[in-house]
Amino acid sequence: MAVVMSMSWTEVTPEQYEVVREAVGWEESAPVGGEVHVAWFDAGGLHVVDVWESEQAFQAFFAERLAPAVEKAGISGVPQTDFSPLHRRFIAPGVSGAA
């Protein structure tokens, strides 16, 4: 069952996010089970909403690809992460790629 993963990580800066994004290369080599990724910053730090085919798919991606890049970027703290079953997804025709 597909899940929505929401994450907040106060300690992450936009510069660190970019270091991790480049190191992981998820746009060039999509993670197995990853369907949608949206990220933004506000006064509370990094916020992410993803859709994954399962929580296990995200956990495998985190362990194998994301955690090593996070460590390399020198990111501290622990993200607040929640998973919820996906009820419905809609992606407008013609929408793809990075912002």
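The values are calculated or read from the model by the stated rules, or taken from the named source; none is laboratory data. What you are looking at is a predicted structure, and each value in this text was computed from that prediction instead of being measured. Neighbour counts are summed over all protein chains in view; Cβ atoms, including those assigned to glycine, are modelled from backbone coordinates with ideal geometry. Only protein heavy atoms, including side chains, enter the accessible area calculation; ligands, DNA and RNA are left aside. Shrake-Rupley method; radii C 1.70, N 1.55, O 1.52, S 1.80 Å.
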Item to check | Residues located in the stretch 21-59, provided they are open to solvent by less than 40 Å² (accessible area, probe 1.4 Å) and more than 23 Å from I91 (Cβ to Cβ) | outcome: G44, G45
Checklist entry - Just a yes or no: is a residue in the stretch 32-44 modelled with pLDDT of 95 or more, part of a loop (DSSP other than H, G, I, E, B) and touching an Asp or Glu at 6+ places or on another chain (Cβ under 7 Å)? => result yes
Checklist outcome for this item: Over the stretch 80-99, the set of residues under 20 Å from G44 (Cβ atoms) and touching a residue at least 40 places away in the same chain (Cβ under 8 Å) is Q80, T81, D82, F83, S84
Checklist entry - In the stretch 1-20, what count of residues is obtained for those that are at pLDDT 95 or above, open to solvent by 60 Å² or more (accessible area, probe 1.4 Å) and more than 13 Å from the chain's Cα centre (by Cα)? => result 4
Next on the checklist: Of the conditions (1) open to solvent by 70 Å² or more (accessible area, probe 1.4 Å); (2) more than 14 Å from the chain's Cα centre (by Cα); (3) aliphatic (A, V, I, L, M), A98 satisfies every one except a single condition; which number is it?
Outcome noted: (2)
Next on the checklist: So E15 ticks every box in (1) in contact (Cβ under 8 Å) with a residue 24 or more places away in the chain; (2) assigned to a helix (DSSP H, G or I) but one. Which box is left unticked?
Outcome noted: (1)
Checklist entry - Tally time: how many residues in the stretch 60-79 are under 12 Å from the mean Cα position of the chain (by Cα) and in contact (Cβ under 8 Å) with a residue 60 or more places away in the chain? => result 1
Checklist outcome for this item: Residue hits (the stretch 61-99; in contact with a strand residue (DSSP E or B) (Cβ under 8 Å, 6 or more places away or on another chain) and in a helix (DSSP H, G or I)) are F61
